[in-house]
Ligand SMILES: [Zn+2]
């Protein structure tokens, strides 16, 4: 494996000159990615959209939100049978206080969560894959009217279900959490509850892959139809940044290197490695313009989170009442979705989540030596706390480049490169025995 990895690094390095990209897929992850199925996703979505309304404040146990929660929990429980008793599913209920805005009075609501514990009991890392179960129509306070929410966000929940189905039988060191949030449309209530709890209990959430509106491939108004592009939104300046963090960011110019941005790059790299005919477009904002999503409360609490979404939204179907007006059909119905597209978005999520789960974890105390004036760059780091990596990649890119451009493989915990830190950005990621990379960590200055 050592030689293979080394050869891989050399090939990557050499191939730059020829403009070629070498695609090496880990067979285990490739095999998982291939299991993502458009028909399963369609079935889940149609079932979710068949409930009359999944409004957060809807309490209909037969054909409303409660029934939908029970459905998601039942699917999680069904998939858990493949986990040798490891995966558990529950509806985590809590009271969301009335806020005089989108929550009229105190209400008991619930997130539906499946938890697949890691195989290493000493490894605290948690990877979250999420979507929101609640839906809405034009009037966000209408808990009784029809709100099928097929794409917003039946698509995200269907994706979460499909990943739970496929990953239930895997044995990765890190814990995977599959979450169908409530209360997104009422002000990110379910995600806020879980993110606050995770912070209070010091959970080691390494990544939140939030999926909201991921199953349509053609736009209203501009009539663009393209099922080969998706978006991943990542924050630029961390919402949780304090004064010290801001000072460090300004001094090392890491404005384009937030942990969330590293995760977005990772998703693009891994997603495009394993999923054909899909481009992952990095959007340098934490959500669509002036809008938000369930990743936001996690960012606020200092966790690394991104939002994934389709490239071309159709606003005839989003937050609209189901109706025909002037011959035009409105409403968020499954017939307007593209399940082959949703399959690819789910596959990108799976490639990233499985790789994170299988990885050896992030290197610690990553430093770049600034003790002398040199035209080389020396990076040093320590092994991940819990994993046992085979080696490391030192990543490098031009300061004007969006993605990491070169990977240098080493089995040491220090590397000197004949490239000036004045002209490039660097980071370090661990490489597991399977060849799977961790999230990259950017260096801080080693000045004494
Ligand atoms: Zn949504």
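The values are calculated or read from the model by the stated rules, or taken from the named source; none is laboratory data. Keep in mind that what you see is a predicted model, and the values were worked out from it rather than measured. When we count neighbours, we look across all protein chains shown, and the Cβ atoms used for this are built from the backbone with ideal geometry, even at glycine.
Points worth noting:
- Restricting attention to region 324-340 and to residues that are within 14 Å of residue 214 (Cβ to Cβ) and in a loop (DSSP other than H, G, I, E, B), the residue that is nearest to the ligand (Cβ to nearest atom) turns out to be 332.
- Screening region 243-323 for helices (runs of 4 or more DSSP H) wholly inside it with 2 or more residues that are more than 25 Å from residue 193 (Cα to Cα) and at pLDDT 95 or above returns the ranges 243-252, 259-274.
- Meets criteria (buried (at least 20 other Cβ atoms within 10 Å of the Cβ) and more than 16 Å from the ligand (Cβ to nearest atom)) for residue 305: no
Quick grid of which residues meet (1) more than 13 Å from the ligand (Cβ to nearest atom); (2) without any contact (Cβ under 8 Å) to a residue 60 or more places away in the chain; (3) surrounded by fewer than 24 Cβ atoms within 10 Å (Cβ to Cβ):
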| site | (1), (2), (3) |
| --- | --- |
| 119 | yes, yes, yes |
| 124 | yes, no, yes |
| 130 | no, no, no |
| 133 | no, no, no |
| 136 | no, no, no |
| 143 | yes, no, yes |
| 147 | no, no, no |
| 156 | no, yes, no |
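- Going through (1) in a loop (DSSP other than H, G, I, E, B); (2) on the phi < 0 side of the Ramachandran plot one by one, residue 128 falls short only on (1).
- Hits in region 84-117 - residues which are crowded, with 19+ Cβ neighbours inside 10 Å and either under 18 Å from residue 65 (Cβ atoms) or not assigned by TED's automatic domain parsing to the domain that holds residue 170 (or both): 89, 96, 103, 107, 109, 110, 111, 112, 113
- Taking the criterion of being within 18 Å of residue 134 (Cα to Cα) and part of a helix (DSSP H, G or I), the residues of region 72-123 that qualify are 72, 73, 74, 75, 76.
- Scanning region 361-392 for residues that are crowded, with 18+ Cβ neighbours inside 10 Å and farther than 27 Å from residue 421 by Cα yields a total of 1.
- Residue in region 374-387 that is over 21 Å from residue 253 (Cα atoms), in contact (Cβ under 8 Å) with a residue 12 or more places away in the chain and in a strand (DSSP E or B) present: yes
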